[in-house]
1. For the pair B and A, how large is the buried accessible area, both sides, in square angstrom to the nearest 100, if the probe is 1.4 Å?
2. Angle check, please: helix A:55-70 long axis (alpha carbons) against the longest principal axis of chain A (alpha carbons), in degrees 0 to 90, nearest 10.
3. If I fit a long axis through the Cα atoms of helix A:11-51 and take the longest principal axis of the Cα atoms of chain A, what angle between them do I get, 0 to 90°, rounded to 10?
4. Quick check on chain B: helices-only [θ] at 222 nm, where DSSP H runs of length 4 and up contribute -39,500 (n - 2.57) each and the sum goes over total residues. Nearest 500, please.
5. With all protein chains present and a 1.4 Å probe, how do A:R55, A:R158 order by accessible area, largest first?
6. When ligands, DNA and RNA are left out and all protein chains stay put, how many square angstrom of accessible area per residue does region A:21-174 have with a 1.4 Å probe?
7. Which residue, B:V172, B:V35, B:V97, tops the fluctuation ranking in a GNM of chain B built on C-alpha contacts under 10 Å?
8. Please work out the Cα center distance from region B:121-169 to region A:71-94, rounded to the nearest Å.
Amino acid sequence: MDRFLATFFNPITIATYTPAVLEGMKITIILAVAVTLAGTLLGLALAMLRTFGIRPINFFIIAFADIGRALPPLVIILLVYFGLPGIGIRLSGPMVVFIVLALTLAAFAEEVFWAGFTSVGKGQWEAGIATGLGFPVTLSSIVLPQAIRLAIPPLMNRILAISKMTALGSVVGVQEILGAASAAQSLSGSATPLTMAALAYLAIFLPVALLARLAERRFAWKI
Amino acid sequence: MDAFLQQFFNIDILMEAMPLLMRGLWITAQLCVAVVGLGLVGGLFVALASISQRRWLKYPAIIYVDIFRALPPLVLLVFVYSGLPFAGLNLTPFAAVVVAFLLNNSSYYGEVYRAGLQSVPNGQREAARASGLSETQTLIHVILPQAIRNVLPDLLSNTIEVVKLTSLASVVSLAELLYTANMARSITYNATPLVAAALIYLALLWPLVRLVSRYQRPLAI
């Protein structure tokens with residue numbers, strides 16, 4: 001037991017590397033919030049654009065959403081990070097992670113919001129247009145609020161799944177929690193920093209997981 | 001434009017890297033079978049525990065799901081691969097990936113199954129029990145078939161996520177598709193192998209993504 005504690009919860013190592021892990025938490029939180037905001041808004045904008053039913057535009061939106069959902073983010077991160085400098089575009093690690101994860105989330109969010117739009121009864125659209133509101137106003141004041149409410153539970157799960165992927169940043173040298181902890185682990189020769197990383201992630205994402213569960217219960221699942 | 005093609009769509013380099021990528025793809029396939037299979041089975045047990053009447057089973061299962069939903073899979077993987085050896089537990093990269101993803105996937109699949117199990121009306125269970133089926137028979141022959149059918153699109157969509165997740169194995173030097181592609185990139189100083197890997201993932205997963213969108217049921221109102 002003592003050996004276990006000394007390996008995974010060494011107090012001296014904890015004291016030494018707490019500042020680095022806290023700094024990592026800051027970067028993780030900033031990245032996660034930025035990805036969530038950018039991805040959700042872009043996804044919503046694309047889904048709204050898709051309701052206008054302009055064929056060539058919809059073709060690209062659907063292709064974007066499909067590709068974004070089919071490709072593993074780590075593949076794109078490596079491709080952008082190592083591939084673009086070859087043609088003279090050099091992006092920093094955090095920037096690459098932000099762009100790739102935001103686009104990935106946007107692809108999923110577009111699909112979720114679109115499912116929300118199509119779940120709102122056809123009568124709602126017809127009534128809005130029949131009362132003379134016009135398409136844009138019907139969309140923004142009648143359909144959108146209902147669609148967003150429907151989209152919240154599945155969207156929360158996606159946001160959780162994708163914002164915690166900021167850990168992939170450690171692969172391209174971003175000093176977020178995992179990056180900081182991995183560096184600390186090889187410096188200290190102890191597993192304790194990895195335990196600290198796990199706890200740091202739990203501190204950030206466990207509340208989000210609980211919130212997602214709450215949202216699911218609030219807007220209960222029906223089939 | 002020419003530089004772009006040279007860097008991302010170089011046929012010569014693609015031909016050179018292809019045998020390596022195919023070997024990686026084979027490892028990815030093995031990994032997928034192991035990880036998806038174990039996740040599907042493990043998730044079922046997690047789900048059954050989480051809807052159990054027994055509190056000592058139910059609450060630990062719920063906490064298990066929430067913890068592994070909050071931990072990034074890469075963190076789990078690094079912990080299992082580089083952390084556990086400190087406790088004298090050395091795993092091969094393949095075993096480390098399987099263990100780490102079993103923890104992660106069983107909680108995700110568990111949530112999907114749970115939604116499915118809860119979607120089966122209680123009358124089904126009561127009727128089965130009243131007609132003399134045992135609790136286990138009821139579960140296997142009456143509840144599970146309906147539960148799984150109800151969440152088939154979600155099981156599929158989660159499986160897509162699991163397949164994508166196997167690319168993380170490259171971080172612990174398991175020579176799967178992404179690892180071999182990235183190795184080829186660093187040898188050739190050219191991004192074409194990574195583009196090829198992306199296209200392979202796309203070819204495998206796009207049809208499944210389409211299928212998920214096709215069977216997307218309306219969201220609950």
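1. Buried: approximately 5000 Å² between A and B.
2. Between helix and principal axis, roughly 30 degrees.
3. 10 degrees
4. Helix contribution divided over all residues of chain B: -24000 deg cm²/dmol.
5. Sorted by accessible area, descending: A:R55, A:R158.
6. 41 Å²
7. Ranking B:V172, B:V35, B:V97 by mean-square fluctuation puts B:V172 first.
8. Value for the Cα centre distance between the two parts: 40 Å.
The values are calculated or read from the model by the stated rules, or taken from the named source; none is laboratory data. The shown structure was predicted, so the numbers you read here are calculated from the model rather than taken from an experiment. Reconstructed Cβ throughout: ideal geometry from the backbone, glycine too, with neighbour counts over all protein chains shown. The accessibility values were calculated without ligands, DNA or RNA, using every heavy atom of the protein model including side chains. Shrake-Rupley method; radii C 1.70, N 1.55, O 1.52, S 1.80 Å.
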